[in-house]
1. Å³ per residue of the Cα convex hull, for segment B:37-134?
2. What ³J(HN,Hα) values, in whole Hz, does the Karplus curve 6.51 cos²θ - 1.76 cosθ + 1.60 give for segment B:172-182 when θ = phi - 60°, with x put for Gly and Pro?
3. Which whole number in µm²/s is D for segment B:1-71 by Stokes-Einstein, with the Kirkwood Rh taken over Cα pairs at 37 °C and 0.692 mPa s?
4. At 0.890 mPa s and 25 °C, plugging the Kirkwood radius over alpha-carbon pairs of chain A into Stokes-Einstein gives what diffusion coefficient in µm²/s?
5. Just to be sure I understand: if you take the accessible area of chain A alone plus chain B alone and subtract the pair, with a 1.4 Å probe, what total do you get in Å², rounded to 100?
6. Just the number, please: carbon plus sulfur as a percent of the accessible area of chain A, 1.4 Å probe, no ligands or DNA/RNA counted.
7. Could you compute Rg(Cα) / (2.2 N^0.38 Å) for the protein assembly as shown, with N its residue count?
8. Heavy-atom accessible surface, probe 1.4 Å, ligands and DNA/RNA ignored: which residues of segment B:89-104 lose at least 30 Å² versus the isolated chain?
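The values are calculated or read from the model by the stated rules, or taken from the named source; none is laboratory data. Owing to the predicted nature of the structure, the values given are computational and were not obtained by experimental measurement. Cβ atoms come from the backbone with ideal geometry, glycine included; neighbour counts cover every protein chain shown. Heads up: the accessible areas ignore ligands, DNA and RNA and are worked out on the full protein's heavy atoms, side chains in. Shrake-Rupley method; radii C 1.70, N 1.55, O 1.52, S 1.80 Å.
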Amino acid sequence: MDSWGFIGLAYGIAAIALTAYIVGLRGRLRDAGQTLTALERDGGRSAR
Amino acid sequence: MSRPLVVTRVVGALAGAVLAVGLGLAFFVVPPDAVQGEVQRIMYLHLGAVAAAYFAFFVTLLASVRYLWKRDLRADAVAVASAEVGVLFTGVVLASGSIWGKSTWGVWWTWDARLTLTAITFTIYVGYLMLRAFAEEPQAAARYGAVLGVLGFLAIPLNHFAVQWWRTLHQPSSIIRAGGPSMDPFMLTVVLVNVCGTLLLYGYLLLERVRLERIRHRTLQLRLSRGRRG
């Protein structure tokens with residue numbers, strides 16, 4: 001592998017790791033937000 | 001709570017802009033290194049990730065101390081969020097360092113003091129996250145996590161000074177050293193731009209990860225209050 005191959009590998013792995021983390025974090029935020037919204041909605045109904 | 005704050009969006013946009021400028025300079029403007037040639041461009045990624053990882057674990061240390069002192073769950077949220085983002089950047093440090101090592105030393109890995117301590121640091125904070133994930137009681141998770149968040153930070157100065165205290169294959173520090181940086185001033189400027197961009201990216205990820213912790217805390221509070229009423 002030449003120099004640019006090593007550079008591409010290093011930056012490529014970093015880009016994939018960061019993108020995967022951001023996508024995963026957004027998924028966790030979406031799921032947690034939906035759970036919270038559902039709980040708050042149910043709480044509002046039972047309070048009424 | 002379910003949408004990112006304006007400050008989060010601003011920090012994210014700034015991170016993208018600064019990293020675009022920094023990586024543009026690193027790839028298209030800075031000349032190749034006189035000794036290592038083109039492959040030395042990995043340094044701009046590697047040092048940014050090192051700075052973000054060190055800073056992340058320092059934030060975990062401060063937040064852990066605050067939690068132990070005040071029993072403040074907001075500090076605990078910052079501690080766990082920063083540790084997770086720190087593990088991500090330490091993974092990037094290990095991967096980019098290994099690839100850079102293969103191209104310059106001829107090996108992917110060697111049990112050198114700096115490399116070994118970086119792997120130990122990574123393992124400590126992965127252990128921290130596992131401890132948090134497996135603890136059944138949230139207050140216990142926060143307490144044990146805070147103790148490990150303080151003790152784990154001892155690995156960071158040890159790691160930083162390893163290249164001075166022991167004979168290592170890893171080069172000594174060329175920026176934070178007695179007598180000032182040994183690097184070419186233009187290369188140093190580009191390194192600092194990339195470090196700023198990576199720290200802003202860390203800030204963006206931290207704010208988003210803290211938001212997730214806040215949503216989880218709120219959900220847990222609601223479930224506990226319903227349980228008491230039910």
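1. Dividing the Cα hull volume of segment B:37-134 by its residue count gives 89 Å³.
2. x, 4, 10, 10, 8, 8, 5, x, x, x, 9
3. 215
4. 179
5. Answer for the A-B pair: about 2700 Å² buried.
6. Exposed carbon and sulfur together represent 60 percent of the surface.
7. 1.12
8. Checking the loss per residue gives B:Val92, B:Ile99.
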